[in-house]
Amino acid sequence: MSTEERLQQRLAATGDAAPPMENGELLFAEPWEARAFGMAHRLCDAGCFEWDAFRDHLIAAIAAEDARRADDAPYRYYEHWLVALERTLADHGLAGDAELGARARQLAARPHGHDH
Amino acid sequence: MTDHDHPHDPDAPEIRAEALESLLVEKGLLDPAEVDAVIARYNDRVGPLAGARVVARAWTDPDYRARLLADGTAAAEELDIRGGPGGQMEKLVVVENGPEVHNVVVCTLCSCYPWALLGLPPRWYKDPAYRSRVVREPRSVLAEFGLELDPDIRIRVRDSSAEVRYMVLPERPEGTEHLDEDALAGLVHRDAMIGVARVRDPQA
């Protein structure tokens, strides 16, 4: 199976939790969304986790927001994607919440205008 | 990443995503170039483009058109388009729209769809309302898509399944005689290959 087919199969299996698309093309509002998308697929390709494990977290994250979100609030699909990826990696002992939080605080503390 | 000012909130998703990537790279689990490659491949290769190539070839090569209508799977393979999700080869059936018959594709049971040709299905394709109504009242559903069909045109609803995937070969619009295959492929869009739209005349 080619990579494209694997991608398609996984996204198809994601069902109602599938990413936002326009005319069959994925929509990324910001660059980090594409990074989060690419990371999840690449890690799954590399055998770090099964797609189903990630998908279950994604569906749960979306359902949790649906339950509390106001109808007119913007829908932040890739934030759920990212949360699902973090939870999947934590489940598999690959990246813990503590080390991730520490790295995020480090990055957030960089001076303005830092070229990264 | 970009060089614009980054947020100073460690909980901001762009910071979380960057932190996650740097951590995974450090652990040797991820190579940023591989992430780039996934994104690029997705942007370039997956989408309705493959189906558009098939349609444009059929419009310009009558022999190919005949082979496509006789055996869609084999004709798609001629253009190096093969397989579907799971890698197994479902049967691809291509049906032609014309002045007398208009085909429209649905999957009444779930969302069977020719992925390899059309990429991912649009959200409405999975919608229970489309799946049930297009069978009962196809003319009204097509009108809601903006496609008003002459009452003389017969509508055939094609129900895809796990075994058979349908794709529509739309009518070539008038005024495109001077266009080559690549230019024609650029006109063909997903909805026309599902049968809920026509390919528009580029001059119109």
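The values are calculated or read from the model by the stated rules, or taken from the named source; none is laboratory data. Fair warning: this is a prediction, and the values are worked out from it, not measured in the lab. Here the Cβ positions follow ideal geometry from the backbone for every residue, glycine too, while neighbour counts run over all protein chains shown. For accessibility, only protein heavy atoms count, side chains too; no ligands or nucleic acids. Shrake-Rupley method; radii C 1.70, N 1.55, O 1.52, S 1.80 Å.
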Quiz prompt | Cβ pairs under 6 Å, 6+ apart, first in region B:55-83 and more than 15 Å from B:Val95 (Cα to Cα), second open to solvent by 20 Å² or more (accessible area, probe 1.4 Å) and not aliphatic (A, V, I, L, M) | solution = B:Thr60/B:Glu181; B:Leu79/B:Arg53; B:Gly83/A:Glu5
Exercise. May I ask you to list pairs of residues, at least six apart or on different chains, whose Cβ atoms are under 7 Å apart, with the first in region A:40-59 being more than 10 Å from chain B (Cβ to nearest Cβ) and the second being small (Gly, Ala, Ser) and open to solvent by 20 Å² or more (accessible area, probe 1.4 Å)?
Key: A:Trp51/A:Ala13; A:Arg55/A:Ala13
Quiz item: Can you find a residue in region B:25-46 that is in a loop (DSSP other than H, G, I, E, B), crowded, with 21+ Cβ neighbours inside 10 Å and at pLDDT below 80?
Solution: yes
Exercise. Just name the residue that is farthest from B:Ala56 (Cα to Cα) out of those in region B:114-168 that are under 21 Å from the mean Cα position of the chain (by Cα) and among the acidic types (Asp, Glu).
Key: B:Asp127
Exercise. Would you list the helices (runs of 4 or more DSSP H) that sit entirely within region B:115-168 and hold 3 or more residues that are open to solvent by less than 40 Å² (accessible area, probe 1.4 Å), farther than 14 Å from B:Val94 by Cα and not small (Gly, Ala, Ser)?
Key: B:138-144
Quiz item: Between residues in region A:80-103 that are facing chain B (nearest Cβ under 8 Å) and residues that are open to solvent by less than 10 Å² (accessible area, probe 1.4 Å) and outside any helix (DSSP H, G or I), which pairs lie under 7 Å by C-beta distance while being six or more apart or on different chains?
Solution: A:Leu89/A:Ala95
